[in-house]
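Trainee: My questions all concern the structure below.
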Amino acid sequence: MSDCIFCKIVDGDIPSDKVYEDDRILCFRDLDPQAPVHVLMIPKKHISSCDDISDDDAELAGYMLSMVKKIAADLDLEKGYRVVVNNGEYGQQTVPHLHLHILGGRKMTWPPG
């Protein structure tokens, strides 16, 4: 998508503080961190939200979840971390590109919202 900020980050048009990249996903530090460690994981393929994951995207979505533990380990989050997916207006999704928040570096509080 030409006007998607995360697609522009994937394309290199907007710089990011990358922590991991491969042919399917990109992980970078959030510009407005909500914890000492706050990383966003995005698919390089534009998928607008959880509601837009198709059967053809199931392998990619599973891959993203399977990579969370590697990213968390790389970020020294051995004591634990939280993974958040915001979806839609009421879910506070602010960028219409599927993304996982990986938060850690402190004890998380509950309830989150």
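Trainee: Pick from region 61-81 the residues that are in a loop (DSSP other than H, G, I, E, B) and of a type outside the set (A, V, I, L, M, F, W, C): which of them is least open to solvent (accessible area, probe 1.4 Å)?
Mentor: GLY80
Trainee: Mind checking which residues of region 8-25 are crowded, with 19+ Cβ neighbours inside 10 Å and closer than 11 Å to MET64 by Cβ?
Mentor: The answer is ILE25, and nothing else.
Trainee: Turning to a different aspect of this structure: Among the residues of region 1-29, which ones are more than 13 Å from LYS44 (Cα to Cα) and either touching a strand residue (DSSP E or B) at 6+ places or on another chain (Cβ under 9 Å) or part of a strand (DSSP E or B) (or both)?
Mentor: Answer for region 1-29, where residues must be more than 13 Å from LYS44 (Cα to Cα) and either touching a strand residue (DSSP E or B) at 6+ places or on another chain (Cβ under 9 Å) or part of a strand (DSSP E or B) (or both): SER16, ASP17, LYS18, VAL19, ARG29.
Trainee: Restricting attention to region 82-112, and to residues there that are open to solvent by 60 Å² or more (accessible area, probe 1.4 Å) and in contact (Cβ under 8 Å) with a residue 60 or more places away in the chain, which single residue is nearest to MET64 (Cα to Cα)?
Mentor: It comes out as PRO96.
Trainee: Follow-up question, since we're still on this one. Which residues, counting only those in region 26-52, are open to solvent by less than 70 Å² (accessible area, probe 1.4 Å) and either at pLDDT below 95 or over 13 Å from the mean Cα position of the chain (by Cα) (or both)?
Mentor: ALA35
Trainee: Here is a further query. Of these, ASP11, ASP3, which one is out of contact with any Ser or Thr (no Cβ under 8 Å at 6 or more places or on another chain) and modelled with pLDDT under 95? Walk me through it before giving the result.
Mentor: Values: ASP11 fails: modelled with pLDDT under 95.
Answer to the check: ASP3.
Trainee: Quick one: ASP56 ticks every box in (1) open to solvent by 90 Å² or more (accessible area, probe 1.4 Å); (2) in a loop (DSSP other than H, G, I, E, B); (3) modelled with pLDDT of 95 or more; (4) farther than 19 Å from VAL10 by Cα except a single one, so which number is it?
Mentor: Unmet for ASP56, out of (1) open to solvent by 90 Å² or more (accessible area, probe 1.4 Å); (2) in a loop (DSSP other than H, G, I, E, B); (3) modelled with pLDDT of 95 or more; (4) farther than 19 Å from VAL10 by Cα: (2).
The values are calculated or read from the model by the stated rules, or taken from the named source; none is laboratory data. As the structure is a computational prediction, the values presented were derived from the model and not from experiment. All Cβ positions, glycine included, derive from the backbone under ideal geometry; neighbour counts span all protein chains shown. Ligands, DNA and RNA are excluded from the accessible area calculation, which covers all protein heavy atoms including side chains. Shrake-Rupley method; radii C 1.70, N 1.55, O 1.52, S 1.80 Å.
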